[in-house]
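*Asks:* Take this structure first; my questions come after.
The values are calculated or read from the model by the stated rules, or taken from the named source; none is laboratory data. Please read all numbers here as calculations on a predicted model, not as lab measurements. A quick note on method: Cβ atoms are made from the backbone with ideal geometry, for glycine too, and the neighbour counts reach across all protein chains shown. Quick note on the areas: whole protein, heavy atoms, side chains included, nothing else; ligands and nucleic acids left out. Shrake-Rupley method; radii C 1.70, N 1.55, O 1.52, S 1.80 Å.
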Amino acid sequence: MNASTNCQCPCGETRFTARRPALMRIYCHCTICQSFNQAPFADISVFKAAHVQMPDPERVEFRALRPPPAVQRGTCVACGKPAIEMLRIVVLPKLILIPSANIGDAAFKPPVSMHAFYDTRVADADDDLPKYSGYWSSQLHFGRELLSAMLARKRA
Ligand SMILES: [Zn+2]
Ligand SMILES: [Zn+2]
């Protein structure tokens, strides 16, 4: 595997680097992800902030679309499309969320582990992944998956 992977927004003007593979990857069907991504759901890879070299701040505009949870959603100023997101949850390290399509090297994207906010889905998903509905259940399972991914990495 490469030591790092190039990441970029759809137009390629906003570029950044991930130095470690994502801890986890989910499909999120929440209404904010739907409108932010202009898609039925978001395919998101989750990284520890320490493992991502952020883009030039001039190139990205961050907005909080709903407090809490404190997700700062970053769009490329050139194409207006999602580039990168920052997530701060108490007790967890700072996280970076990257739309999986923005990650260059497929080896840095783990298999998808769950559907979150499935109750607000636009269409049913035809797969065997666990599906969690509502805020609390989605957050709980997100946190649980994340902690086990971090522990697994520590052991490796
Ligand atoms: Zn762009
Ligand atoms: Zn979402």
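Quick grid of which residues meet (1) open to solvent by less than 10 Å² (accessible area, probe 1.4 Å); (2) more than 11 Å from ligand 2 (Cβ to nearest atom); (3) within 15 Å of the chain's Cα centre (by Cα):
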{"position": "Ile32", "(1), (2), (3)": "no, no, yes"}
{"position": "Gln72", "(1), (2), (3)": "no, yes, yes"}
{"position": "Val77", "(1), (2), (3)": "no, yes, no"}
{"position": "Val90", "(1), (2), (3)": "no, yes, no"}
{"position": "Leu95", "(1), (2), (3)": "yes, yes, yes"}
{"position": "Lys109", "(1), (2), (3)": "no, yes, yes"}
{"position": "Ala123", "(1), (2), (3)": "no, yes, no"}
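*Asks:* If only one of Ala64, Ala42, Ala83, Ala22 is within 29 Å of Asp119 (Cβ to Cβ), open to solvent by less than 70 Å² (accessible area, probe 1.4 Å), of a type outside the set (Phe, Trp, Tyr) and modelled with pLDDT under 95, which one is it?
*Replies:* Ala64
*Asks:* Checking the conditions here, which among Val71, Val52 is at pLDDT below 95 and in contact with a strand residue (DSSP E or B) (Cβ under 9 Å, 6 or more places away or on another chain)?
*Replies:* Checking each option against the conditions leaves just Val71.
*Asks:* Limited to region 15-49, what total is found for residues that are part of a strand (DSSP E or B) and among the aliphatic types (A, V, I, L, M)?
*Replies:* 6
Condition check ((1) open to solvent by 30 Å² or more (accessible area, probe 1.4 Å); (2) away from ligand 1 (no atom under 16 Å from the Cβ); (3) in contact (Cβ under 8 Å) with a residue 12 or more places away in the chain) across all residues:
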{"residue": "Gln8", "(1), (2), (3)": "yes, no, yes"}
{"residue": "Cys11", "(1), (2), (3)": "yes, no, yes"}
{"residue": "Ala50", "(1), (2), (3)": "yes, yes, yes"}
{"residue": "Val60", "(1), (2), (3)": "no, no, yes"}
